[in-house]
Amino acid sequence: MTDAGTTNLAASRALHWQQATITAIVPQTPRVKSFFFAPSHPFSFRAGQHVDVRLTAPDGYSTERSYSIASAPEMKDSIELAIERLDDGEVSPFFHEVAVVGDEIELRGPIGGHFVWDLADGGPLLLLGGGSGVVPLMSMIRHRAAQGSTIPVLLFYSARSWDEVIFRDELMALDDRQDGFELVFALTRERARRERDYERRLDTAVLTEVLPRLPQAPKHVFVCGSNAFVEAAADGAIATGIPRGIIRTERYGG
Amino acid sequence: MITRGFTGRQRPPDIAKRLPPGQSLTEDFPVLSAGPTPHIGIEDWSFTLKVGPKPIARWNWAEFNALPQTKQIRDIHCVTKWSKLDTPWQGVLIDDILAAAGLDRAPTPFTLAHSFDGYSTNVPAADLVGGKAMIALRYEGAPLPPDHGGPARLLVPHLYFWKSAKWVSGLQFTQHDEAGFWELRGYHIYGDPWREQRFTGD
């Protein structure tokens, strides 16, 4: 036996595939739509976790993808996945062009026990998101808001353009509350729209400028985006003196 | 369950048969890791072989590179759903590391691979010997880049790729199967892609 250790760890909770019904589809940006799924067996999760989705063709061929959950754990009846349409993709074009409200999709979750945060973990929190990498960070931000927490959180969110900022209005409304949530956008292919925002890529100099928006040094840092973004953001954070050990990363494009 | 309206992008049979269930072919080489990429200079690099808590052999970069090296072309499968075919590696087989340490076989049934960033992953000893695994030093003929685990990573291509620990610093033989970093966080203790052992209980 090569996997003799399996049983003692496996006994508690296997992740079963289940049917989930698409209850709403909401366009977020020209390339991103939110899909709301009502699982037949609802499950609790921690902000930052993801689910696996499985699509099966009539001839039995099937394929799977992982998508981070955008909704807060407090939203019980359905989970929101924000899916970016990849032009050469196999699954994301299906969701964008074929899937409709009422369709049933197989999924399982929650998955991932590292890139997760809840109020008990405390803060301040530094969130660095690139493009659709904002999705698991959004779940953390929504969790904090749903709990009425004032834990200081700084979201630095890099997108190509103003119109490609996912959850833009909701983020700006949260920013307006002035309850300890700070929002900085960086647009890489367009001029900045707000005084505090940037029109350049994330680097050490930018991070050094924005970090004082947190009242103390961050306790946890979450970085999510493309590999290039994560490398630049994590290396930049380390160069500002943030300890490597408090930085958690998730890289998209895999 | 058939998904309404989904046909999928099916691969030619000779490719499809090399893709484990749920996996999709990728042409590039995605990067995944739990934290920032450590940049380890070869002057600071070493590889330690342990049995239980006891170190039994240690090599610096030059010494390790002087061990017999082997080239392998292998298909690799990441639990995040991508597979990459015919990836060319070069490094030191675990068999040759054991021989260099004076061991004619694995001293215990299980191992933990340890990395410079604190990562660890468990692999049964039987899955590392007999030419099945190496400490990889080169990819596509060039030194392994830091974001792909350089200076050196474990390569166990027949298991999901999180088992192929990046930035590897040593191998510890253990009496019992001790869960590593991802195995403690819901991922499968063994991780066979052909049995789709992604998560605990699969």
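The values are calculated or read from the model by the stated rules, or taken from the named source; none is laboratory data. Worth saying up front: this structure is predicted, and the values here are computed from it rather than measured. We place every Cβ from the backbone using ideal geometry, glycine too, and count neighbours over all the protein chains shown.
Structure notes:
- Exactly one residue out of B:K71, B:K54, B:K81 is at pLDDT below 95 and farther than 24 Å from A:R244 by Cβ, and it is B:K81.
- Qualifying residue in the range A:128-140 (condition: in a strand (DSSP E or B) and among the hydrophobic types (A, V, I, L, M, F, W, C)): yes
- Among residues of the range A:236-254, those that are under 18 Å from A:T208 (Cβ atoms), more than 7 Å from chain B (Cβ to nearest Cβ) and either touching a Ser or Thr at 6+ places or on another chain (Cβ under 6 Å) or in a helix (DSSP H, G or I) (or both), counted: 5
- Of residues in the range A:167-200 being part of a strand (DSSP E or B) and over 18 Å from the mean Cα position of the chain (by Cα), the one surrounded by the fewest Cβ atoms within 10 Å (Cβ to Cβ): A:Y198
- On the stretch given as the range B:158-179, residues that are surrounded by fewer than 22 Cβ atoms within 10 Å (Cβ to Cβ) and part of a loop (DSSP other than H, G, I, E, B) total 5.
- Which listed residue is within 15 Å of the chain's Cα centre (by Cα), of a type in the set (D, E) and more than 13 Å from chain A (Cβ to nearest Cβ), from B:D86, B:D96, B:D75, B:D44: B:D75
- Sole residue being in contact (Cβ under 8 Å) with a residue 40 or more places away in the chain, surrounded by 21 or more Cβ atoms within 10 Å (Cβ to Cβ), under 25 Å from A:V116 (Cα atoms) and not small (G, A, S), chosen from A:Q19, A:Q49: A:Q49
- Counted residues, the range A:37-62 - those being small (G, A, S), in contact with a Phe, Trp or Tyr (Cβ under 9 Å, 6 or more places away or on another chain) and under 30 Å from A:V223 (Cα atoms): 2
- Test set (1) away from chain B (no Cβ under 11 Å); (2) within 22 Å of the chain's Cα centre (by Cα) - A:D52 fails condition number: (1)
- Residue match in the range B:171-179 (condition: without any contact (Cβ under 8 Å) to a residue 24 or more places away in the chain, charged (D, E, K, R) and within 11 Å of chain A (Cβ to nearest Cβ)): no
- Residues within the range B:1-27 that are in contact (Cβ under 8 Å) with a residue 24 or more places away in the chain and at the interface with chain A (Cβ under 9 Å from one of its Cβ atoms), tallied: 5
- Inter-residue pairs, beta-carbon under 9 Å, first free of Cβ contacts under 8 Å to residues at least 12 places away in the same chain and in the range B:64-91, second crowded, with 20+ Cβ neighbours inside 10 Å, 6+ apart: B:A66/B:W59
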